[in-house]
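Take a look at the structure set out below.
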Amino acid sequence: MRKKIVAGNWKMNKTLQEGIELAKEVNAKVKGLNASQVKVIIGTPFIHLAEVTKQVDPAVVSVAAQNCATEVSGAFTGEISAAMVASTGSQYVILGHSERRSYYGETDEILVKKVARALENKLEVIFCVGEVLAEREAEKHFDVVKSQLVNGLFNLSADEFSHIVIAYEPVWAIGTGKTATSAQAQEMHAFIRKVVAEKYGKEVADNTSILYGGSCNAKNADELFANEDVDGGLIGGASLKAEDFSIIVAARAKH
Ligand code: PEP
(Lines give C-alpha, C1' and ligand atoms only; values in the text may rest on other atoms or scores of the structure.)
Protein backbone atom coordinates (compact mmCIF):
# COMPACT_ATOMS: atom_id res chain seq x y z
CA MET A 1 0.00 0.00 0.00
CA ARG A 2 1.43 3.35 -0.95
CA LYS A 3 1.77 6.06 1.68
CA LYS A 4 -0.39 9.16 1.87
CA ILE A 5 2.02 12.04 2.29
CA VAL A 6 1.82 15.77 2.93
CA ALA A 7 5.24 17.39 2.71
CA GLY A 8 6.03 21.03 3.31
CA ASN A 9 8.77 22.83 1.45
CA TRP A 10 9.75 25.88 3.44
CA LYS A 11 12.26 26.98 0.78
CA MET A 12 14.51 29.86 1.98
CA ASN A 13 12.11 31.08 4.66
CA LYS A 14 12.26 31.34 8.45
CA THR A 15 15.17 32.07 10.72
CA LEU A 16 16.24 29.22 12.98
CA GLN A 17 14.12 30.55 15.85
CA GLU A 18 11.07 31.05 13.62
CA GLY A 19 11.55 27.62 12.12
CA ILE A 20 11.66 25.95 15.53
CA GLU A 21 8.42 27.69 16.47
CA LEU A 22 6.74 26.66 13.21
CA ALA A 23 7.89 23.06 13.58
CA LYS A 24 6.54 22.90 17.13
CA GLU A 25 3.22 24.39 16.01
CA VAL A 26 2.93 21.96 13.10
CA ASN A 27 3.73 19.06 15.39
CA ALA A 28 1.06 20.11 17.90
CA LYS A 29 -1.63 20.70 15.30
CA VAL A 30 -0.98 17.51 13.36
CA LYS A 31 -0.83 15.44 16.54
CA GLY A 32 -4.25 16.82 17.44
CA LEU A 33 -5.66 15.60 14.12
CA ASN A 34 -4.94 11.99 14.91
CA ALA A 35 -3.97 11.60 11.23
CA SER A 36 -1.64 8.68 11.81
CA GLN A 37 -2.36 7.29 8.35
CA VAL A 38 -0.74 10.37 6.75
CA LYS A 39 3.03 10.78 6.64
CA VAL A 40 3.71 14.43 7.43
CA ILE A 41 7.07 15.86 6.41
CA ILE A 42 8.55 19.33 6.77
CA GLY A 43 11.34 20.35 4.39
CA THR A 44 13.41 22.97 6.19
CA PRO A 45 16.57 24.88 5.33
CA PHE A 46 19.75 22.93 6.15
CA ILE A 47 20.60 24.93 9.24
CA HIS A 48 17.27 24.04 10.87
CA LEU A 49 17.51 20.28 10.42
CA ALA A 50 19.46 19.25 13.54
CA GLU A 51 17.32 21.31 15.89
CA VAL A 52 13.95 20.74 14.23
CA THR A 53 14.38 16.96 14.30
CA LYS A 54 14.72 17.27 18.10
CA GLN A 55 11.62 19.42 18.43
CA VAL A 56 9.15 17.19 16.60
CA ASP A 57 7.78 13.80 17.53
CA PRO A 58 9.11 11.43 14.84
CA ALA A 59 5.85 9.49 15.01
CA VAL A 60 4.02 12.67 13.96
CA VAL A 61 6.38 14.71 11.76
CA SER A 62 9.40 13.68 9.70
CA VAL A 63 12.01 16.12 8.50
CA ALA A 64 13.45 16.65 5.00
CA ALA A 65 16.33 18.61 3.56
CA GLN A 66 15.69 20.52 0.34
CA ASN A 67 18.88 19.47 -1.41
CA CYS A 68 22.15 17.56 -0.96
CA ALA A 69 25.53 17.48 -2.67
CA THR A 70 26.51 15.32 -5.62
CA GLU A 71 29.77 14.36 -3.89
CA VAL A 72 30.47 12.27 -0.81
CA SER A 73 32.79 14.68 1.05
CA GLY A 74 35.81 16.88 0.58
CA ALA A 75 36.76 20.27 -0.80
CA PHE A 76 33.33 21.49 -1.93
CA THR A 77 32.95 24.78 -0.08
CA GLY A 78 29.40 25.56 0.93
CA GLU A 79 27.96 22.16 0.03
CA ILE A 80 26.08 19.83 2.38
CA SER A 81 26.45 16.08 1.88
CA ALA A 82 23.71 13.48 2.13
CA ALA A 83 25.63 11.92 5.06
CA MET A 84 25.48 15.26 6.89
CA VAL A 85 21.74 15.49 6.26
CA ALA A 86 21.24 11.95 7.56
CA SER A 87 23.38 12.70 10.62
CA THR A 88 20.84 15.33 11.74
CA GLY A 89 18.14 12.68 12.06
CA SER A 90 16.35 13.82 8.89
CA GLN A 91 14.86 10.98 6.89
CA TYR A 92 14.01 12.66 3.58
CA VAL A 93 15.54 14.90 0.97
CA ILE A 94 13.73 16.85 -1.74
CA LEU A 95 15.65 16.64 -5.03
CA GLY A 96 15.08 18.07 -8.48
CA HIS A 97 12.83 20.93 -7.41
CA SER A 98 12.16 23.18 -10.39
CA GLU A 99 13.79 26.12 -8.61
CA ARG A 100 16.99 24.13 -8.32
CA ARG A 101 16.74 22.92 -11.89
CA SER A 102 16.19 26.42 -13.28
CA TYR A 103 18.18 28.73 -10.93
CA TYR A 104 21.07 26.40 -10.10
CA GLY A 105 21.37 24.45 -13.33
CA GLU A 106 20.54 21.03 -11.91
CA THR A 107 20.55 18.65 -14.85
CA ASP A 108 19.40 15.04 -15.00
CA GLU A 109 23.07 13.97 -14.69
CA ILE A 110 23.53 15.99 -11.51
CA LEU A 111 20.30 14.59 -10.09
CA VAL A 112 21.36 11.00 -10.76
CA LYS A 113 24.39 11.63 -8.53
CA LYS A 114 22.37 13.36 -5.80
CA VAL A 115 19.81 10.55 -5.73
CA ALA A 116 22.63 8.01 -5.44
CA ARG A 117 24.23 9.89 -2.52
CA ALA A 118 20.85 10.18 -0.78
CA LEU A 119 20.05 6.47 -1.12
CA GLU A 120 23.55 5.47 0.02
CA ASN A 121 22.78 7.35 3.21
CA LYS A 122 19.37 5.75 3.68
CA LEU A 123 17.46 8.94 2.94
CA GLU A 124 14.09 8.70 1.23
CA VAL A 125 13.95 10.95 -1.83
CA ILE A 126 11.11 13.23 -2.85
CA PHE A 127 11.94 13.65 -6.52
CA CYS A 128 10.27 16.57 -8.33
CA VAL A 129 9.24 16.58 -11.97
CA GLY A 130 7.10 18.96 -13.98
CA GLU A 131 6.79 20.98 -17.15
CA VAL A 132 6.98 24.72 -17.74
CA LEU A 133 4.03 26.58 -19.24
CA ALA A 134 5.41 26.68 -22.80
CA GLU A 135 5.86 22.90 -22.72
CA ARG A 136 2.27 22.37 -21.60
CA GLU A 137 0.99 24.79 -24.23
CA ALA A 138 2.97 22.90 -26.86
CA GLU A 139 1.44 19.66 -25.50
CA LYS A 140 4.88 18.36 -24.60
CA HIS A 141 4.16 17.95 -20.87
CA PHE A 142 3.93 14.15 -20.94
CA ASP A 143 7.20 13.87 -22.88
CA VAL A 144 8.98 16.28 -20.53
CA VAL A 145 7.87 14.48 -17.38
CA LYS A 146 8.69 11.07 -18.83
CA SER A 147 12.15 12.23 -19.79
CA GLN A 148 12.77 13.62 -16.27
CA LEU A 149 11.75 10.26 -14.80
CA VAL A 150 13.73 8.15 -17.25
CA ASN A 151 16.90 10.27 -17.12
CA GLY A 152 16.80 11.11 -13.41
CA LEU A 153 15.58 7.90 -11.82
CA PHE A 154 15.35 4.90 -14.09
CA ASN A 155 18.95 3.87 -13.55
CA LEU A 156 17.79 2.66 -10.11
CA SER A 157 16.99 -0.93 -9.26
CA ALA A 158 13.40 -1.71 -8.23
CA ASP A 159 14.60 -2.01 -4.65
CA GLU A 160 16.23 1.42 -4.77
CA PHE A 161 13.18 2.87 -6.48
CA SER A 162 11.03 1.84 -3.51
CA HIS A 163 12.71 4.71 -1.61
CA ILE A 164 11.52 7.31 -4.11
CA VAL A 165 8.44 9.51 -3.73
CA ILE A 166 7.58 11.42 -6.88
CA ALA A 167 6.25 14.97 -6.74
CA TYR A 168 4.54 16.24 -9.88
CA GLU A 169 4.90 19.99 -9.81
CA PRO A 170 3.84 21.83 -12.95
CA VAL A 171 6.25 24.77 -12.89
CA TRP A 172 3.54 27.20 -14.01
CA ALA A 173 1.61 26.40 -10.83
CA ILE A 174 4.46 26.81 -8.31
CA GLY A 175 4.05 29.92 -6.21
CA THR A 176 1.75 31.47 -8.80
CA GLY A 177 -1.61 30.84 -7.16
CA LYS A 178 -2.53 29.01 -10.36
CA THR A 179 -3.28 25.38 -9.51
CA ALA A 180 -3.55 22.52 -11.98
CA THR A 181 -7.15 21.43 -12.22
CA SER A 182 -8.06 18.27 -10.46
CA ALA A 183 -8.40 16.59 -13.87
CA GLN A 184 -4.99 17.80 -15.04
CA ALA A 185 -3.37 16.51 -11.84
CA GLN A 186 -5.08 13.11 -12.04
CA GLU A 187 -4.22 12.76 -15.74
CA MET A 188 -0.52 13.40 -15.14
CA HIS A 189 -0.34 11.27 -11.98
CA ALA A 190 -1.94 8.33 -13.80
CA PHE A 191 0.55 8.83 -16.62
CA ILE A 192 3.48 8.85 -14.19
CA ARG A 193 2.20 5.65 -12.59
CA LYS A 194 1.92 4.06 -16.02
CA VAL A 195 5.49 5.04 -16.92
CA VAL A 196 6.74 3.63 -13.60
CA ALA A 197 4.78 0.41 -14.21
CA GLU A 198 6.31 0.01 -17.67
CA LYS A 199 9.77 0.18 -16.12
CA TYR A 200 9.35 -1.54 -12.74
CA GLY A 201 6.06 -3.43 -12.96
CA LYS A 202 2.57 -2.79 -11.62
CA GLU A 203 3.31 -3.68 -8.02
CA VAL A 204 6.12 -1.15 -7.69
CA ALA A 205 4.01 1.49 -9.47
CA ASP A 206 1.04 0.85 -7.19
CA ASN A 207 3.31 1.27 -4.18
CA THR A 208 4.83 4.54 -5.37
CA SER A 209 3.48 7.69 -3.73
CA ILE A 210 2.94 10.50 -6.23
CA LEU A 211 2.41 13.95 -4.73
CA TYR A 212 0.95 17.02 -6.39
CA GLY A 213 2.69 20.38 -5.90
CA GLY A 214 1.84 23.81 -7.20
CA SER A 215 -0.28 26.30 -5.22
CA CYS A 216 -1.94 23.50 -3.29
CA ASN A 217 -3.59 25.16 -0.31
CA ALA A 218 -6.13 24.77 2.46
CA LYS A 219 -8.97 25.46 0.03
CA ASN A 220 -8.13 23.23 -2.92
CA ALA A 221 -6.34 20.30 -1.22
CA ASP A 222 -9.53 18.38 -0.63
CA GLU A 223 -10.48 18.34 -4.30
CA LEU A 224 -6.97 17.44 -5.45
CA PHE A 225 -6.58 14.62 -2.93
CA ALA A 226 -9.90 13.07 -3.92
CA ASN A 227 -8.20 11.81 -7.10
CA GLU A 228 -7.20 8.17 -7.15
CA ASP A 229 -3.60 8.75 -8.22
CA VAL A 230 -2.93 11.87 -6.14
CA ASP A 231 -1.37 10.43 -3.00
CA GLY A 232 -0.71 13.73 -1.29
CA GLY A 233 0.96 17.07 -1.77
CA LEU A 234 4.24 18.93 -1.76
CA ILE A 235 3.29 22.26 -0.29
CA GLY A 236 5.30 25.47 -0.59
CA GLY A 237 3.66 28.72 0.53
CA ALA A 238 0.89 27.10 2.54
CA SER A 239 3.40 25.08 4.58
CA LEU A 240 4.63 28.27 6.23
CA LYS A 241 1.44 28.60 8.25
CA ALA A 242 0.81 25.75 10.68
CA GLU A 243 -2.95 26.28 10.51
CA ASP A 244 -3.15 26.03 6.70
CA PHE A 245 -0.70 23.14 6.60
CA SER A 246 -2.70 21.17 9.16
CA ILE A 247 -5.92 21.75 7.18
CA ILE A 248 -4.12 20.23 4.19
CA VAL A 249 -3.03 17.25 6.31
CA ALA A 250 -6.63 16.84 7.50
CA ALA A 251 -7.82 16.91 3.87
CA ARG A 252 -5.40 14.11 3.03
CA ALA A 253 -6.49 12.07 6.05
CA LYS A 254 -10.12 12.35 5.01
CA HIS A 255 -9.91 10.49 1.70
C1 PEP B 1 6.89 24.00 -4.18
O2 PEP B 1 7.73 24.85 -4.35
O3 PEP B 1 7.23 22.81 -4.00
C4 PEP B 1 5.49 24.41 -4.19
C5 PEP B 1 4.59 23.51 -4.46
O6 PEP B 1 5.23 25.72 -3.93
P7 PEP B 1 3.78 26.43 -3.80
O8 PEP B 1 2.92 25.50 -2.99
O9 PEP B 1 4.06 27.71 -3.08
O10 PEP B 1 3.26 26.61 -5.17
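Look at segment 116-138: where a residue is among the charged types (D, E, K, R), no partner that is outside any helix (DSSP H, G or I) and modelled with pLDDT under 95 sits 6+ places away or on another chain with Cβ atoms under 7 Å. Looking only at residues of segment 230-255 that are surrounded by fewer than 20 Cβ atoms within 10 Å (Cβ to Cβ) and charged (D, E, K, R), we find that the one that is farthest from the ligand (Cβ to nearest atom) is Lys254.
Name every residue in segment 6-21 that is of a type in the set (A, V, I, L, M) and surrounded by fewer than 24 Cβ atoms within 10 Å (Cβ to Cβ), in order of residue number. The answer is Met12, Leu16, Ile20. Within segment 146-176, the residues that satisfy the criterion of being open to solvent by 30 Å² or more (accessible area, probe 1.4 Å), in contact with a helix residue (DSSP H, G or I) (Cβ under 7 Å, 6 or more places away or on another chain), assigned to a helix (DSSP H, G or I) and more than 15 Å from the ligand (Cβ to nearest atom) are Lys146, Asn151, Ala158, Glu160. For segment 22-48, a residue qualifies if it is within 15 Å of Ala238 (Cβ to Cβ) and either open to solvent by 50 Å² or more (accessible area, probe 1.4 Å) or within 16 Å of the ligand (Cβ to nearest atom) (or both), and the qualifying residues are Leu22, Glu25, Val26, Lys29, Val40, Ile41, Ile42, Gly43. For the criterion of being open to solvent by 50 Å² or more (accessible area, probe 1.4 Å), in contact with a Phe, Trp or Tyr (Cβ under 9 Å, 6 or more places away or on another chain) and in a helix (DSSP H, G or I), Lys199 passes.
Which residue, of Thr53, Thr88, is farther than 29 Å from Asn227 by Cα, open to solvent by less than 50 Å² (accessible area, probe 1.4 Å) and touching a Gly at 6+ places or on another chain (Cβ under 8 Å)?
Working: Thr88 fails: touching a Gly at 6+ places or on another chain (Cβ under 8 Å).
The unique qualifying residue is Thr53.
Select from segment 202-219 the residues that are within 12 Å of the ligand (Cβ to nearest atom) and under 20 Å from Val26 (Cβ atoms) and write down the one among them that is most open to solvent (accessible area, probe 1.4 Å).
Looking at residues that are within 12 Å of the ligand (Cβ to nearest atom) and under 20 Å from Val26 (Cβ atoms), I get Asn217.
Scan segment 157-195 for residues that are of a type in the set (A, V, I, L, M) and without any contact (Cβ under 8 Å) to a residue 60 or more places away in the chain and the total you get is 10. Determine, yes or no, whether Val112 is under 19 Å from the mean Cα position of the chain (by Cα), assigned to a helix (DSSP H, G or I), of a type outside the set (D, E, K, R) and under 25 Å from Pro45 (Cβ atoms). Answer is yes for this residue.
The values are calculated or read from the model by the stated rules, or taken from the named source; none is laboratory data. Only a predicted model underlies this, so the values are computations on that prediction, with no experimental measurement involved. Glycine also receives a Cβ, built like all others from the backbone with ideal geometry; neighbour counts cover every protein chain displayed. When the accessible area is computed, the model is the full protein with side chains, heavy atoms only, and any ligands, DNA or RNA have been set aside. Shrake-Rupley method; radii C 1.70, N 1.55, O 1.52, S 1.80 Å.
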